[in-house]
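Visitor: I have a structure here, written as structure tokens, and I will follow up with some questions on it.
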């Protein structure tokens, strides 16, 4: 196993659409996803965060995840493929002590197996109802995206309604 250049640093790979369960989240919903994620996982100042979504969600997701590296790819599995490219091309095993994957999609299973083989711990954060069984089995640890409260993270419409606001498109909640 190669020597780490930056010990104690985690790579956070976030599929914003998967965690928020919405391909076009409002700014408020994207912020709620970020806040919930941060409370569940926590991050250190030295950690790197990469967030992927489709082009139509980029503005709202980008505003919610300030300081993160943003990737946009549209189409079938676009965000997933953008995150997989990071894993395939950026020598993750020598640069990080662990990976936190914010997605439950099974497309990540083989990549997680390879990360584990290289000695990295991989934590998967995902809504349990959309967590791939295979991905759950190969992860070092699984964190339910609903662990904060019995109701889970606030859905966009419930969060918007709780503040008495309208969403980004002017629709009343």
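Visitor: Is the shape of the range 12-105 rounded, prolate or oblate, going by the alpha carbon gyration tensor and its root eigenvalues a ≥ b ≥ c, with a/c under 1.5 for rounded and a/b larger than b/c for prolate?
Guide: It is oblate, given that a/c is not under 1.5 and a/b is not larger than b/c.
Visitor: Still on this structure: For a quick check: sort 17, 90, 129 by the number of other beta carbons within 10 angstrom, fewest at the front.
Guide: 129, 90, 17
Visitor: A further question on this structure: Starting from the 7 Å offset along Cα-to-Cβ, what nm value, one decimal, do you get for the label separation of residue 85 and residue 69?
Guide: Here the modelled spin labels are 1.2 nm apart.
Visitor: Can I ask one more? If you average the C-alpha positions of the range 28-48 and of the range 61-123 separately, how far apart do those two centres end up, in angstrom?
Guide: Between the Cα centre of the range 28-48 and that of the range 61-123, the gap is 15 Å.
Visitor: Here is a further query. Residue 38 to residue 133: FRET efficiency via 1/(1 + (r/R0)^6), r the Cβ-Cβ distance, R0 25 Å, to the nearest 0.05?
Guide: The formula returns an efficiency of 0.40 here.
Visitor: Would you mind computing, in nm to one decimal, how far apart the modelled labels at residue 117 and residue 27 are, each placed 7 Å from Cα along Cα→Cβ?
Guide: 4.5 nm
Visitor: Sort the range 43-86 into rounded, prolate or oblate with this rule: let a ≥ b ≥ c be the square roots of the eigenvalues of the Cα gyration tensor; rounded if a/c is under 1.5, and if a/c is not under 1.5, prolate when a/b is larger than b/c, oblate otherwise.
Guide: It is oblate, given that a/c is not under 1.5 and a/b is not larger than b/c.
Visitor: A further question follows. Looking at the square roots a ≥ b ≥ c of the eigenvalues of the Cα gyration tensor of the range 103-148, which shape do they give, rounded for a/c under 1.5, prolate if a/b is larger than b/c, or oblate?
Guide: oblate
Visitor: Points 7 angstrom from Cα along the Cβ direction at residue 77 and residue 45: gap in nanometres?
Guide: Placing both labels 7 Å along Cα→Cβ, they lie 3.9 nm apart.
Visitor: Take residue 97, project a point 7 Å from its Cα along the Cβ direction, then tell me which residues of the range 19-45 have their backbone nitrogen under 11 Å from it.
Guide: Counting only backbone N, you get 44.
Every read-out reported here was derived from the displayed coordinates using simple, explicitly stated rules and does not represent laboratory data. None of the values given here were measured: they were computed from a predicted structure. Please note: Cβ atoms are built from the backbone with ideal geometry, for glycine as well, and neighbour counts cover all protein chains shown.
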